[in-house]
Amino acid sequence: MSTSDVQQQTRDHLWLHFTNHAKLSAGGEVPVITRAEGAYLWDDKGRRILDGLSGLFAVNVGHGRPELAEAAAKQIRELDYFPIWNAVHPRAAELAEALAERAPGDLNRVFFTNSGSESVETAWKLVKQYFKAIGQPGRHKVISRTIAYHGTTHGALSITALPGLRAPFEPLVPSGHKVPTTDIYRGPEHLRDDEEAFGRWAADRIAEAIEFEGPETVAAIFLEPVQNSGAAIPPPPGYFERVREIADRYGVILVADEVITAFGRIGDFFAINRYGITPDIITGAKGITSGYIPAGATIVSDRLFEPFTKTENTFVHGLTFGGHPVAAAVGLENIAIFEREKLNENVRANEDLFRSTLEKLRDLPIVGDVRGAGYFWGVVLVKDQHTREPFTPKERRRLLDELLGPALSEAGLHARLDERGDPAILLAPPAIIGAPEFAFIEQVLRTVLTDAWARF
């Protein structure tokens with residue numbers, strides 16, 4: 001099939017996600033990716049592109065893994081599909097055990113989903129029913145951070161704090177409340193030189209929100225270990241320890257949303273393991289199968305599961321394809337690849353080199369901040385490096401859409417251009433890469449940012 005056929009089929013029939021169709025409907029074109037292997041993609045023009053975003057934060061073991069294809073094919077031949085509604089198949093049980101063994105503390109119970117949004121939705125429904133089951137029916141409110149993205153289903157979107165995504169679908173599910181993020185670059189000026197003080201300040205805003213809403217009404221706090229939206233915002237030292245204290249003090253459930261950060265993104269199966277605390281729930285997806293097949297999971301502590309062991313309490317929630325046999329088989333082999341090839345260890349060993357390579361870009365006047373952890377980094381762009389003056393909304397659109405987007409593609413790098421906060425370039429490559437790829441990423445970014453600044 002020709003590329004022109006694919007473009008016309010797309011114009012006529014395909015509704016692309018998060019895509020404005022105006023230019024496409026007027027005869028424009030979109031990129032066509034035709035194959036992938038390792039850390040690279042190829043488009044319909046034969047151009048090789050470094051996948052600096054693991055597809056969409058998902059393909060953590062790299063593309064084209066025959067082991068994962070073979071695991072899927074074997075499972076299809078053995079048992080193609082059966083639901084885990086009052087029944088079980090071996091792969092779901094095995095993957096649940098494997099996830100529980102790698103999760104922190106007593107997070108031993110796994111509810112399978114198909115996506116990150118579904119995992120977050122499941123977690124919110126679970127905590128609401130949990131509090132009803134233990135005699136605290138007034139707890140239904142959720143606290144999350146500004147700019148944070150937690151999904152697009154109606155409940156998950158209510159936890160998400162991006163006005164542009166929320167407005168078309170309002171009114172949303174009530175009970176979502178927002179607190180400041182941990183972006184020290186845009187934090188209170190008097191705290192910018194003291195990470196620990198800033199972290200305590202940011203965490204204490206959660207306690208303040210709980211007090212304002214009434215502790216007896218607050219059910220959960222949803223936080224990403226490293227926040228995606230806003231450009232890979234890491235937690236300051238001591239932040240999560242303080243949040244854990246606050247959650248315990250007020251009897252609130254702490255949810256680590258690890259849809260992006262789990263499965264090697266920060267150098268562990270679960271990123272929260274690197275930040276010294278145990279949450280009550282972990283939500284995950286994407287890297288659980290390295291994106292080879294849709295799958296997700298909500299991993300829950302024994303304490304939260306206990307009320308559901310009673311006859312009168314059934315979690316009245318389910319998904320047709322949650323725990324799909326093929327997805328579970330691929331998930332198990334994905335974990336096996338991580339352990340065989342020591343990919344978490346590779347991320348941790350290379351984290352400082354990746355950081356220092358990207359830090360070289362600070363000599364460019366357009367670069368305001370470089371931040372992140374593991375293999376998850378954001379390069380934040382500003383109008384004035386010294387005053388931290390931001391770009392205007394109109395300037396952001398020109399910078400990202402006209403200057404950087406086409407240039408990155410032409411230069412052979414797939415990354416994410418993020419405008420949820422300061423404009424930024426997000427990087428989240430597969431866990432298999434190392435120094436040569438870091439150098440390539442830095443050189444591409446240096447070239448395109450230098451050119452964009454000159455043309456701005």
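Tabulated results
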{"quantity": "Test item: Cα-centred dipole of the chain, Lys/Arg +1 and Asp/Glu -1 on Cβ, debye", "calculated": "620 debye"}
{"quantity": "Measure of compaction for the chain (Cα Rg per 2.2 N^0.38 Å)", "calculated": "0.97"}
{"quantity": "Other-chain or far-sequence residues with amide H under 5 Å of G176's (modelled H)", "calculated": "V142"}
{"quantity": "Hull volume in cubic angstrom per residue (convex hull over the Cα atoms of the stretch 93-150)", "calculated": "117 Å³"}
{"quantity": "Beta bridges per DSSP with both ends in the chain, % antiparallel, nearest 5", "calculated": "65 percent"}
{"quantity": "Global geometry of the stretch 119-211, whether rounded, prolate or oblate, following the gyration tensor of its Cα atoms and the 1.5 cut on a/c", "calculated": "oblate"}
{"quantity": "J(HN,Hα) series, the stretch 92-97, from Karplus relation 6.51 cos²θ - 1.76 cosθ + 1.60, nearest Hz, glycine and proline x", "calculated": "4, 5, 5, 5, 4, 5"}
{"quantity": "With DNA, RNA and ligands ignored, accessible area of L24 (1.4 Å probe; Å², nearest 10)", "calculated": "10 Å²"}
{"quantity": "Where a label projected 7 Å from the Cα of A336 along Cα→Cβ would reach, residues of the stretch 73-112 with amide N under 16 Å", "calculated": "73-79, 90-99"}
{"quantity": "Residues of the chain: accessible area per residue with a 1.4 Å probe, Å²", "calculated": "43 Å²"}
{"quantity": "Distance (nanometres) between label positions extended 7 Å along Cα→Cβ at A167 and D352", "calculated": "4.6 nm"}
{"quantity": "Taking N as its residue count, the alpha carbon Rg of the stretch 70-185 over 2.2 N^0.38 Å", "calculated": "1.34"}
{"quantity": "Hydrodynamic radius of the stretch 214-286 per Kirkwood, over alpha carbon pairs, in Å", "calculated": "12.6 Å"}
{"quantity": "Rule-of-thumb Rg ratio for the stretch 283-333 [Cα; 2.2 N^0.38 Å; N residues]", "calculated": "1.36"}
{"quantity": "Whole-Å distance, taken between Cα centres, linking the stretch 74-108 and the stretch 1-66", "calculated": "32 Å"}
{"quantity": "Inter-part distance where the stretch 190-239 and the stretch 404-423 are each reduced to a Cα centre, Å", "calculated": "28 Å"}
{"quantity": "D (Stokes-Einstein, µm²/s), Kirkwood Cα radius, the stretch 133-172, 1.567 mPa s at 4 °C", "calculated": "116 µm²/s"}
{"quantity": "Fraction of antiparallel bridges per DSSP, the stretch 220-290 only, in percent to nearest 5", "calculated": "10 percent"}
{"quantity": "Surface share of carbon and sulfur [accessible, 1.4 angstrom probe, percent] for the chain", "calculated": "54 percent"}
{"quantity": "Partners for K74 among lysines (Cα-Cα distance below 27 Å; same-chain residues under 8 apart left out)", "calculated": "K286, K342"}
{"quantity": "Lys, Arg +1 and Asp, Glu -1 on Cβ, resulting dipole of the stretch 37-187 about Cα centre, debye, nearest 20", "calculated": "700 debye"}
{"quantity": "Largest to smallest principal axis extent of the C-alpha atoms in the stretch 343-429, angstrom", "calculated": "42, 30, 21"}
{"quantity": "Simple Cβ-charge dipole of the stretch 1-90, Lys/Arg +1 and Asp/Glu -1, about Cα centre, in debye nearest 20", "calculated": "180 debye"}
{"quantity": "Dimensions in Å of the stretch 1-126 - Rg and Dmax from alpha carbons", "calculated": "19.6, 55"}
{"quantity": "Among N273, S144, P325 - extreme Cα towards positive end, dipole of the chain, charges at beta-carbon", "calculated": "S144"}
{"quantity": "Partner lysines for K141 [C-alpha distance under 20 Å; skip if fewer than 8 residues away on the same chain]", "calculated": "K125, K128, K132, K178"}
{"quantity": "Efficiency of FRET between Y185 and L79 - r from beta-carbon atoms, R0 35 angstrom, step 0.05", "calculated": "0.10"}
{"quantity": "Stokes-Einstein D for the stretch 258-307, Kirkwood Rh over Cα pairs, 10 °C, 1.306 mPa s (µm²/s)", "calculated": "138 µm²/s"}
{"quantity": "P(r) tail fraction, the stretch 193-342 - alpha-carbon pairs more than 29 Å apart, %", "calculated": "26 percent"}
{"quantity": "Residues E67 and R249, FRET efficiency given R0 of 51 Å [Cβ-Cβ distance, rounded to 0.05]", "calculated": "0.65"}
{"quantity": "Cα-based equivalent ellipsoid, the stretch 396-456: semi-axes from gyration tensor eigenvalues, Å", "calculated": "21, 14, 9"}
{"quantity": "Whole-Å distance, taken between Cα centres, linking the stretch 113-149 and the stretch 320-395", "calculated": "27 Å"}
{"quantity": "When the stretch 260-361 is reduced to its Cα atoms, the Kirkwood hydrodynamic radius in Å", "calculated": "15.9 Å"}
{"quantity": "Inter-label distance for E389 and A439, nm, one decimal - labels placed 7 Å from Cα along Cα-to-Cβ", "calculated": "3.8 nm"}
{"quantity": "Proximal aspartates and glutamates relative to K45, as straight alpha-carbon distance under 17 Å, when same-chain residues fewer than 8 apart are discounted", "calculated": "D5, E29, E37, E410"}
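The values are calculated or read from the model by the stated rules, or taken from the named source; none is laboratory data. In this text the structure is predicted, and so the values were computed from the model without any measurement. With ideal geometry, Cβ positions are generated from the backbone for all residues, glycine too; neighbour counts draw on all protein chains shown. In case anyone asks, the SASA skips ligands and DNA or RNA and just uses the protein heavy atoms, side chains included. Shrake-Rupley method; radii C 1.70, N 1.55, O 1.52, S 1.80 Å.
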